[in-house]
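All remarks here apply to the structure that follows.
Laboratory data are not the source of any read-out in this text; all were calculated from the coordinates shown. Not measured: the values here are computed from a predicted model. Glycine gets a Cβ as well: all are built from the backbone with ideal geometry, and neighbour counts include every protein chain shown.
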Amino acid sequence: MITLKQVKRVYSAGEVKVHALRGVDLSIERGEFVSIAGPSGSGKTTLLNIIGCIDLMDEGSVTIDGVNIGLMDKAKKAAYRRNELGFIFQSYNLIPVLTAYENVTLGLSLIGMNKSDMRERAMTVFKEVGLEGMENRLPSRLSGGQQQRVAIARALAKNPKIILADEPTANLDSHTGEEILKLMRIMNEKHQTTFIFSTHDKMVMDFAKRLVLLHDGLIAGDTMRKEA
Ligand SMILES: Nc1ncnc2c1ncn2[C@@H]1O[C@H](COP(=O)(O)OP(=O)(O)O)[C@@H](O)[C@H]1O
Ligand SMILES: [Mg+2]
């Protein structure tokens, strides 16, 4: 479903050129639960951002369901991000002045969903992530783990094909991190949503069904793991 061919990304930091990705080949099928693992600076965020159309590649191609995202114009990319992708970030990235409910429904109003469908969809996902009754809280009145659950609800709400999660548990204690991973895994199996999540944490890698190792911008390992 997702195919990367010889993807390269070079950043210029003043005089210096940083080769963040140096020729990545990777195929991910629908419904996979893949961890992109590697030390800090190995290119994990760059890789996720390229798949998510947040960053541009310099060379190579990324094809998703047969569509070459490198050939899309800005408007097509924005529509693709809005309609097909969900994002989860290390620091949750909720809008602080909006309630949990408003954070989740904002993206739904952008895709033109009407109010009553929006309400129904939001209630379904709040239930799924275990936050029933907390819809009207502001992010500041939720714990880190609860904020990340809101972020998962937000990502799931539009029923995306792919959820990209950049170090989703890095700001959480290990117990809460594990709960978040279990939730992602349940959603992966229930909805067949493809999850691609990055980490440098061994505990997180152990949750993956497939482990792709990045090292200095290249794939250094790719293994299917036995069911954890
Ligand atoms: N916007 C940028 N400008 C310059 N260098 C960058 C930029 N983004 C990332 N890099 C560099 O690219 C390399 C890979 O970064 P990144 O993808 O963030 O790795 P990871 O997420 O694995 O820590 C690092 O050396 C980083 O410093
Ligand atoms: Mg990163």
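Once you sort the root eigenvalues of the Cα gyration tensor of region 97-228 as a ≥ b ≥ c, which label holds: rounded (a/c under 1.5), prolate (a/b larger than b/c) or oblate (the other case)? Note, shape of region 97-228 comes out prolate. GNM remark for the chain: springs join alpha carbons under 10 Å apart, and the peak mean-square fluctuation among Asn188, Asn114, Asn171 falls on Asn114. For region 153-228, a Kirkwood hydrodynamic radius built from all Cα pairs, placed in the Stokes-Einstein relation at 20 °C and 1.002 mPa s, yields a translational diffusion coefficient of 162 µm²/s.
What the Cα convex hull of region 1-155 gives, in volume per residue, is 149 Å³.
Within the listed set Leu71, Leu48, Leu94, the residue fluctuating most in the Gaussian network model of the chain (springs between alpha-carbon atoms under 10 angstrom) is Leu71. Within region 129-182, the proportion of C-alpha pairs whose separation exceeds 16 Å stands at 42%. Quick one: net charge around Val204, please, counting Lys, Arg +1 and Asp, Glu -1 for every other residue with C-beta under 11 Å from its C-beta. Net of charged neighbours comes to -3. Summarising the amide proton neighbourhood of Gly86: residues at separation of 5 or more, or on other chains, whose placed amide H is nearer than 5 Å comprise Ile162, Ile163, Leu164. Think of each Lys and Arg Cβ as +1 and each Asp and Glu Cβ as -1; about the Cα centre, that makes the dipole of the chain roughly 420 debye. When the chain is treated as a Gaussian network with alpha carbon springs shorter than 10 Å, the biggest mean-square fluctuation among Ala75, Ala151, Ala208 belongs to Ala75.
What percent does the relative contact order of the chain come to when contacts are Cα pairs within less than 8 Å and at least six residues apart? It would help to have the intermediate numbers written out before the result.
Values: 440 pairs, mean separation 67.6, N = 228.
Computed over the chain, the figure is 30 percent.
As I understand it, the value is the acute angle between the Cα axis of helix 144-157 and the longest principal axis of the Cα atoms of the chain; what does it come to in degrees, rounded to 10? The helix 144-157 is inclined about 80 degrees to the chain. The distance from the alpha carbon centre of region 74-117 to that of region 172-228 is 23 Å, rounded to a whole number. Nearest 10 degrees, 0 to 90: what angle lies between the long axis of helix 115-128 and the longest principal axis of the chain (Cα atoms)? The angle comes out near 80 degrees.
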